[in-house]
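Peer 1: Please find one structure pasted underneath; my questions will follow.
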Amino acid sequence: MKQFVYTQTDKNPQDAGKSGKVVLFDPEPERLTAWIANAVIETSPNHLYNEGRALQFIQLIKKQSHAQFPVVGLVWEDMDNSGHPKAYGFLDGITVVGAPSSIYKNDERTSSKLNDSVLNELLMLRWVDKAKAGSFARVASTTASDIRQLYKSIGATPPSLDGLSFPTYVREKYIKAMSGVRNELLVARAHAIK
């Protein structure tokens with residue numbers, strides 16, 4: 001894990017040079033390659049590697065996260081391609097919805113520069129108060145539905161993923177994946193999009 005301080009551009013000169021702070025737990029390239037290859041093999045007919053599917057999955061991961069797993073902190077994202085990235089708090093590789101209040105303006109995520117105290121507040125995010133887990137887990141935007149479908153496809157009972165069970169599951173599976181060649185979150189997403 002490593003903490004990064006970075007600068008984000010913005011079309012608005014007043015908001016150019018927005019700072020962000022985030023702790024990332026990113027896989028090394030060889031591990032990411034193994035995760036992708038194994039997810040493709042595990043979810044392909046006859047369990048054979050398919051280079052076309054692998055390349056599509058690589059593009060999906062690049063588009064969704066650039067293979068970054070934010071443990072905690074701020075990620076600026078320009079989801080609407082407006083040139084004005086908005087503030088997204090992350091915890092356990094999942095977008096935090098509703099907290100902290102300092103990154104919201106009239107219930108909308110801010111696209112304005114944030115001061116250092118707010119950036120440090122984001123490094124202290126926890127699943128309390130108004131903080132709710134978003135729907136998508138990094139690095140491939142895996143959803144609770146993707147995970148349930150994977151378990152059902154192999155005849156297993158899906159884990160409970162309601163409320164804070166989803167971020168707990170994501171955190172545990174990601175930590176396990178960081179010491180192996182299989183990432184269940186990627187397998188679930190590959191299964192959902194096959």
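Peer 1: When Lys and Arg each count +1 and Asp and Glu each count -1, what net charge do the other residues less than 13 Å away from TYR151, Cβ to Cβ, add up to?
Peer 2: Its environment carries a net charge of +1.
Peer 1: For the stretch 106-174, which trypsin sites (Lys or Arg not before Pro) are both in a DSSP coil and crowded by at most 14 other Cβ atoms within 10 Å? Walk me through the numbers on the way to the answer.
Peer 2: Working: sites: ARG109, LYS113, ARG126, LYS130, LYS132, ARG138, ARG148, LYS152, ARG171, LYS173; in loops: LYS113, ARG126, LYS130, ARG138.
Of the trypsin sites (Lys or Arg not before Pro), the ones in loops of the stretch 106-174 whose Cβ has at most 14 other Cβ atoms within 10 Å are ARG126, LYS130.
Peer 1: Before rounding to the nearest 500, sum -39500 (n - 2.57) across all DSSP H runs of length at least 4 in the chain and divide by the residue total; then give [θ] at 222 nm in deg cm²/dmol. Present the calculation step by step, with values, prior to reporting the outcome.
Peer 2: Values: 6 runs with 69 residues, N = 194.
The helix-only estimate for the chain comes to -11000 deg cm²/dmol at 222 nm.
Peer 1: Oh, and also: Taking loop as defined by DSSP and a crowding limit of 14 other beta carbons within 10 Å, which trypsin sites (Lys or Arg not before Pro) in the stretch 1-78 fit? Present the calculation step by step, with values, prior to reporting the outcome.
Peer 2: Values: sites: LYS2, LYS11, LYS18, LYS21, ARG31, ARG53, LYS62, LYS63; in loops: LYS11.
Counting only loop positions with at most 14 other Cβ atoms within 10 Å, the trypsin sites (Lys or Arg not before Pro) in the stretch 1-78 are LYS11.
Peer 1: Just to be sure I understand, if you calculate semi-axes √(5λ) of the Cα gyration tensor in Å for this structure, which of (i) 31, 19, 14; (ii) 37, 15, 12; (iii) 78, 18, 11 do you get?
Peer 2: (i)
Peer 1: Excluding GLY17 itself, what net charge comes from residues whose Cβ is under 12 Å from its Cβ, given Lys and Arg +1 and Asp and Glu -1?
Peer 2: Values: positive: LYS18, LYS113; negative: ASP10, ASP15.
Taking every Cβ under 12 Å from that of GLY17, the sum is 0.
Peer 1: Extension gain ASP80-LYS11, at 0.36 nm per residue separation less the Cα-Cα distance, in nm?
Peer 2: Working: separation 69, 0.36 × 69 = 24.84 nm, distance 1.32 nm.
Stretched out fully, the ASP80 to LYS11 stretch lengthens by 23.5 nm.
Peer 1: Which of the residue pairs LYS18/LYS132; LYS130/LYS173; LYS11/LYS62; LYS86/LYS152; LYS21/LYS194; LYS63/LYS194 have a Cα-Cα distance greater than 27 Å in the structure shown?
Peer 2: Numbers: LYS18/LYS132 25 Å; LYS130/LYS173 25 Å; LYS11/LYS62 23 Å; LYS86/LYS152 36 Å; LYS21/LYS194 35 Å; LYS63/LYS194 17 Å.
Those over the limit are LYS86/LYS152; LYS21/LYS194.
No lab work stands behind these numbers, since they all come straight from the coordinates. Only a predicted model underlies this, so the values are computations on that prediction, with no experimental measurement involved. Cβ sites come from the backbone with ideal geometry, for glycine too, and all protein chains shown count toward neighbours.
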